[in-house]
Amino acid sequence: MDIPRIFNITESAHRIHNPFTPENLATLGAALRIAPGTSVLDLGSGSGEMLCTWAHEHGIVGTGVDMSQLFTEQAIFRAEELGVADRVKFIHGDAADYVSDEKVGIAACIGATWIGGGVAGTIELLKRSLLDGGTILIGEPFWRQMPPTEDVARKCHAHSISDYLLLPELLASIGHLGYDVVEMVLADQNGWDRYEAAKWLTMRRWLEANPDDEMAKEVRSQLTSEPERYSAHTREYQGWGVFALMLR
Ligand code: SAH
């Protein structure tokens, strides 16, 4: 079981697999005023940077579930590197139905809400693992400005304009699900560059090391087209943020 190999290639050097910078993650950790010992579940935990740094900075304990074997191995390595391997554990698997045995204070899905079939479904899934009064974290894109055409939305790698909302609409839609939005930290274009532009050097180096790989043609094509596509579309039209929610 694994995610499509292209992501394991293009994001192999990423610690954070979304437009958040290390500073954004630290800001969010501080903003949530987390008590030491708080338990955190992270569905789609990637390379584990949120759980590992929050274990290090705030004394959380946590579990991450991720379908990428490579990212899960990197998460386990990172926990050892930060000296928190006794506080966080990482499971390689599909998180689509994952509910923790013991309920947690914070249940998160950061940039992977397809896991629960969208924002509403993912909130429902996370709620099943959450203590009463706990906090849900959702990382999700929104439109910084409305794409003028469906073609522009597709060039942002959306299926259609209706995939995402403007920020006020996204916040209102969470309210309509019966949750208070109690905090948010938003990525900016610099954070998007760290996520997207970091893939280009990774692709270039991978191509030099793997010229005969069956994926080489696809990676070459992406490296050629991505800088222009990204800067004209995603960078201009897409926002991204993490939203902290508590049931009303
Ligand atoms: N939250 C992490 C990773 C976000 S990228 C971070 O912020 O860095 C999306 C992640 O979802 C990837 O790590 C990918 O491997 C994982 N993923 C995709 N489908 C999944 C599934 N069905 N179950 C668990 N993880 C999944």
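The values are calculated or read from the model by the stated rules, or taken from the named source; none is laboratory data. A quick note: this is a predicted structure, and the numbers were derived from the prediction, not measured. Positions of Cβ are backbone-derived with ideal geometry, glycine not excepted, and every protein chain shown enters the neighbour counts. Ligands, DNA and RNA are excluded from the accessible area calculation, which covers all protein heavy atoms including side chains. Shrake-Rupley method; radii C 1.70, N 1.55, O 1.52, S 1.80 Å.
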field: Whole-percent carbon and sulfur share, accessible surface of the range 1-148, 1.4 Å
entry: 52 percent
statement: Projecting the Cα atoms of VAL40, PRO168, ALA95 onto the charge dipole of the chain, where Lys and Arg contribute +1 and Asp and Glu -1 at Cβ, the residue farthest towards the positive end is PRO168
- request: Report the label-to-label distance for ALA232 and SER173 in nanometres (one decimal), using points 7 Å from each Cα along the Cα→Cβ vector.
  value: 2.7 nm
query: What is the calculated FRET efficiency for ALA30 to ASP86, with r their C-beta to C-beta distance and R₀ = 25 Å, to the nearest 0.05?
result: 0.60
statement: What the Cα atoms of the range 188-243 span along the principal axes, largest first and in whole Å, is 41, 20, 16
query: For the range 1-98, which trypsin sites (Lys or Arg not before Pro) are in a loop by DSSP, counting at most 13 other Cβ atoms within 10 Å?
result: ARG33
- prompt: When the scattering of the chain is computed by the Debye formula from its Cα atoms alone, each counted once and equally, what is log10 I(q)/I(0) at q = 0.09, 0.12, 0.14 Å⁻¹?
  reply: -0.39, -0.70, -0.96
query: GLY29: net charge of surrounding residues, Cβ under 13 Å, Lys/Arg +1, Asp/Glu -1, itself excluded?
result: -4
query: When Lys and Arg each count +1 and Asp and Glu each count -1, what net charge do the other residues less than 11 Å away from ALA95, Cβ to Cβ, add up to?
result: -4
Those residues of the range 12-27 whose amide nitrogen sits under 18 Å from the label point placed on GLN69, 7 Å along Cα→Cβ: 12-13
query: Which residue, PRO22, PRO211, PRO36, has the most motion in a Gaussian network model of the chain that connects Cα atoms within less than 10 Å?
result: PRO211
